[in-house]
1. Is there a quick way to get the dipole size of the range A:118-275? I mean about its Cα centre, with the Cβ of Lys and Arg at +1 and of Asp and Glu at -1; what is the value in debye to the nearest 20?
2. Compute the Cα gyration tensor for the range A:74-141, then decide on rounded, prolate or oblate, letting a ≥ b ≥ c be the square roots of its eigenvalues: rounded whenever a/c is under 1.5, prolate when a/b is larger than b/c in the other cases, and oblate in all that remain.
3. Local charge sum around A:Ala198 (other residues, Cβ-Cβ under 10 Å, Lys/Arg +1, Asp/Glu -1)?
4. If I fit a long axis through the Cα atoms of helix A:133-155 and take the longest principal axis of the Cα atoms of chain A, what angle between them do I get, 0 to 90°, rounded to 10?
5. Using the Karplus equation 6.51 cos²θ - 1.76 cosθ + 1.60 (θ = phi - 60°), what ³J(HN,Hα) coupling, rounded to whole Hz, does each residue of the range A:86-98 give in order, writing x for Gly and Pro?
6. In debye to the nearest 20, how big a dipole does the range A:158-243 give about its Cα centre with +1 on each Lys and Arg Cβ and -1 on each Asp and Glu Cβ?
7. Per residue of chain A, what 222 nm ellipticity follows from adding -39500 (n - 2.57) for every DSSP H run with n ≥ 4, rounded to the nearest 500?
8. Below 25 Å, Cα to Cα, which lysines can A:Lys231 reach? Residues fewer than 8 away in the same chain don't count.
Amino acid sequence: MDDAVHAGPRVVRVRVATWNINSVRSRIDRVVAWIERSDVDVVALQETKSRDEQFPYDRFADLGYEVAHHGHSQWNGVAIASRVGLADVTTGFPGQPLWGEPLADEARALGATCGGVRFWSVYVPHGREVGDPHYAYKLDWLSCLRDAGQAWLETDADRQIALMGDWNIAPRDDDVWDMAAFDGATHVSQPERDAFAAFEPTGFTDVVRRYAPGPGVYTYWDYQRLCFAKKRGMRLDFVLASPALAARVTGALIDREERKGNRPSDHVPVVVELA
DNA sequence: ATGGTCGGTGGCCGA
């Protein structure tokens, strides 16, 4: 017995990640290999492009992870995998807007509590074109998520909450390779940037940028036109942390290597380390 | 050569 080993404050390091994997079924071997290699405790996935009954639950269980998935069709789809517990799974956030004809829930948000932290895997609507109904939906969706986040912190300002995923917004000019190429485009418009910035006064802050500053640091590269080789990317994936969670962050990285090799996703994982 | 993509699906849509 060596009591000294067990004395003092217990420091628990946790690595969490978010990754738009652009189809979990076509890329499950890569996803499994990355999770094993990267030693993450919690990973939020977006664009699984699967119905629940198609989701490869066994592959995560074999790795020692519990996993929750929310998917209706070949579109969207979000998941959270965890090896530090997975409880209170919630599909969709309170007040999440509907879409389609007839109006219906899209599988774009999934909440779960893992290791005392409330995680949300979010896949923000793309917007398609400025002025398109989908663009209005995107702005509304972001506004409603902000309201939900604000309400959670008003209930308890000390809650550890992570809103992480593909936000489909490049908040700063440096978050795209050339602003001239995005003239009039979605992802960089002022209303979208305002919708993203509106999280800041509620207490949610991006915890990655200070550890992975730009310019030229991206999380997404279009498959077309050799964008990755030409370093033409966008920073679209973010981890927004509540104040109590942000205080635990000791580091972050964007795993650009994962964009290489055979059949990668067009997004790469974003990893945050908590103490 | 001045372009160059995917995935899921089912014959195009969404990104």
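Values in this text are rule-based calculations from the coordinates and carry no lab data. This is a predicted model, so every value here is computed, not measured. Glycine gets a Cβ as well: all are built from the backbone with ideal geometry, and neighbour counts include every protein chain shown.
1. Around 540 debye, computed over the range A:118-275.
2. prolate
3. With Lys, Arg at +1 and Asp, Glu at -1, the neighbours total -1.
4. Approximately 30 degrees, to the nearest ten.
5. Karplus-based 3J(HN,Hα) across the range A:86-98 equals 8, 9, 6, 5, 10, 9, x, 9, x, x, 4, x, 9 Hz.
6. 320
7. Numbers: 6 runs with 57 residues, N = 275.
Per the formula, -6000 deg cm²/dmol.
8. Result set, ordered by chain and number: A:Lys260.
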